[in-house]
1. Assuming a ≥ b ≥ c are the square roots of the Cα gyration tensor eigenvalues, decide whether region 67-222 counts as rounded (a/c under 1.5), prolate (otherwise, with a/b larger than b/c) or oblate.
2. Taking residue 153 as the anchor, which lysines have their alpha carbon closer than 24 Å to its alpha carbon, excluding any fewer than eight residues away along the same chain?
3. Expressed as a whole percentage, what fraction of the accessible surface of region 274-365 belongs to carbon and sulfur atoms when a 1.4 Å probe is rolled over the protein heavy atoms?
4. How much space per residue, in cubic angstrom, does the convex hull of the C-alpha atoms of region 1-151 take up?
5. Using the heavy atoms of the protein chains alone and a 1.4 angstrom probe, what is the accessible area of region 183-340 per residue in square angstrom?
6. Gain in length, residue 115 to residue 47, computed as 0.36 nm per residue apart minus the alpha-carbon separation, to one decimal in nm?
7. First compute the accessible area of region 73-172 with a 1.4 Å probe, then give the percent of it belonging to carbon and sulfur atoms.
8. Residue-wise, which Karplus ³J(HN,Hα) couplings in Hz belong to region 126-142, taking 6.51 cos²θ - 1.76 cosθ + 1.60, θ = phi - 60°, and x for glycine or proline?
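The values are calculated or read from the model by the stated rules, or taken from the named source; none is laboratory data. Keep in mind the model is a prediction, meaning the values are calculated, not measured. Note: ideal-geometry Cβ built from the backbone for every residue, glycine included; neighbour counts use all protein chains shown. Note: areas computed on protein heavy atoms with side chains; ligands, DNA, RNA excluded. Shrake-Rupley method; radii C 1.70, N 1.55, O 1.52, S 1.80 Å.
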Amino acid sequence: MSVSFLDLKSINLRYRDDFHAALDRVLDSGFLILGKEVEAFEREFASYCEVNHCIGVGNGLEALHLVLRAWGIGAGDEVIVPSNTFIATWLAVSYVGAIPIAVEPDAMTYNIDPARIEAAITRRTRAIIPVHLYGQPADMDAIMDVADKHGLKVLEDAAQAHGARYLGRRTGGLGHVASFSFYPGKNLGALGDGGAVTTNDQELAGRIRVLRNYGSRIKYHNEVKGFNSRLDEVQAAFLRAKLPFLDAGNARRSEIAALYQKGLKESSIVLPAVPIWADPVWHLYVVRTKRRDALQQRLELLGIGSQIHYPIPPYMQVAYNASALEKKKHPLAERMANEVLSLPMGPHLTDEDVDVVIQAVSESL
């Protein structure tokens, strides 16, 4: 019995009728860019995230980038980022000419360690970007305490954490601002690319709306050198169709994670740890083992999909051309890169699928 890592076709086909209705609304409206669907989705997603403002943009990377631009962060500035994350977090910092400063994770949660952040702050530090990795919120109160002490901005990278809660509060409103991705594989995924910024800061929201649209509030009147980064009207309509079902999908992911936790507790692999203050949405279910490559190969032979998130830390990528000294500074990130494996996760899985994965993992180690 094969088990796919992620089956976007079966996930999205359940919304077929809703998608057709959404497309009909767009066609009937005649608005294809920044129309009523984007406006409605922005209202609905802001409400979902329990914030005042949502700005739809082209993708998750541009959501990060435009926030840093709107804050005026640039050449010579430093931005603290996790040593272990998808490279988009780092690229956004590089796009504005600033320097990403890597901080190691908490060894249990894999999220950036607030206790290590303060030591990385210098007179050039302007902001912190905690990533809610794998769908589990970072320790935001501790991070905000450090930021407030040093007068720093905090940008949540919530690309993997749609709907997650920290001490009962939604991601998207835990820092000064947050960025989301709607890449198709996300918990709330479009049928193409898309992203959003959420915040309670009205002035910041206004600046980002200008930046995403060529630097213009009024057509042909350009206040700043802006960008073309607008959430597509059709994708906004599709996201509106899926948003009402996001919590149900997240609940199913939690059920699957609970089955994994119970079924694999006697195995030799390291299972995810969830702090008492976190309510994750299990974008990924990530285990660790020193025999990762052998396990992945065995699962593949059995027809079970898995992935590695992420095999190469950003600072070790050719794009960043890290020195040997820099590489030695991040042993936790490198250990994770060598040991993590993401097991199948998503609302497409049945309990029987999960049982197959549990049995295969247990028998392979």
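1. Note, shape of region 67-222 comes out oblate.
2. Counting by Cα, and skipping residues close in sequence, residue 153 has these lysines nearby: 225.
3. C and S atoms contribute 50 percent here.
4. Numbers: hull volume 24.0 nm³, N = 151.
Cα convex hull per residue, to the nearest whole number: 159 Å³.
5. 52 Å²
6. Extra length available between residue 115 and residue 47 comes to 21.3 nm.
7. Working: 1730 of 3250 Å².
After summing per-atom areas, the C and S share lands at 53 percent.
8. 10, 7, 10, 10, x, 9, 7, 5, 6, x, 10, x, 6, 7, 5, 4, 5
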